[in-house]
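A quick write-up on the structure given underneath.
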Amino acid sequence: MANETPLTRGFPSLSHLTREDVEDLLSDQAYFDAIFHSLPQVKDLYQAQAELGKANESIASDNLSLQSELYKLRSDTKVVFDEAKALEARWAELQREQRDLYQRYTPQFLLLRLRHATTAQDDLSEALASSFIRSGAQTNGKDVDDFVREFRDARKVYHKRAMWGDRWTAGEVHWNED
């Protein structure tokens, strides 16, 4: 082909066109469109485009058929997620309550309660003695016996508590924390 041009090299199917045909092609849009759409490359391109369109329609159809199930799953997931969040908040609340409950049974808190109870018991026994003295320390044997028994019981509790507090302070009391 001695008559080869860049146009005919790129589009060999146009090599049969004369110079006049090419000039008409450039000046007449309808003729250009007719020739352009008859080119094998353009036909192949349109065919590929049509196949891609059909594939996209098929994918879109499949996606649409799954849409209601997807919305249901999304809704179910939201419900379960909200439940999980509520349970997580409840768990934190229960842990806080448990920590507060256990706080009352820690060795430090129990020692503090023992010390307060020891002081209260000492105050009680001193109040008994003061009351007995203020009442005039009646000589009636029954009143004295009642006072002695009550005072002795109160002091016994006081001394037991004081003894346990001293042992605890000396490190002789051990707690199992299981």
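Quick notes
- Candidate aspartates and glutamates for bridging to LYS156, where Cα separation is under 18 Å - those fewer than 8 sequence places away on the same chain excluded: ASP122, ASP123, GLU126, ASP145, ASP146, ASP166
- If the convex hull is drawn through the Cα atoms of the chain, its volume per residue in Å³: 364
- Under-5 Å amide H pairs with PHE11, H placed in peptide plane, nonlocal only: none
- Candidates ARG19, ARG113, ARG167, ranked by Gaussian network fluctuation over the chain, Cα under 10 Å, top entry: ARG19
- Translational diffusion coefficient (Stokes-Einstein; Kirkwood radius from C-alpha pairs) of the range 1-104 at 37 °C, 0.692 mPa s, in µm²/s: 158
- By average C-beta atoms within 10 angstrom, highest first, the peptides 76-86, 152-162: 152-162, 76-86
- Cα-centre dipole for the chain with unit charges at Cβ (Lys and Arg positive, Asp and Glu negative), debye to 20: 2000
- Straight-distance candidates among the aspartates and glutamates for linking to LYS78, with alpha-carbon spacing under 16 Å and chain neighbours fewer than 8 residues away dropped: GLU69, GLU88.
- Label-point separation in nm, GLU126 to ASP146, each point 7 Å along Cα→Cβ: 2.5
No lab work stands behind these numbers, since they all come straight from the coordinates. Here the structure is a predicted model, which means the values were calculated and not measured. Counting neighbours? That spans all protein chains shown, and the Cβs are built from the backbone with ideal geometry, glycine included.
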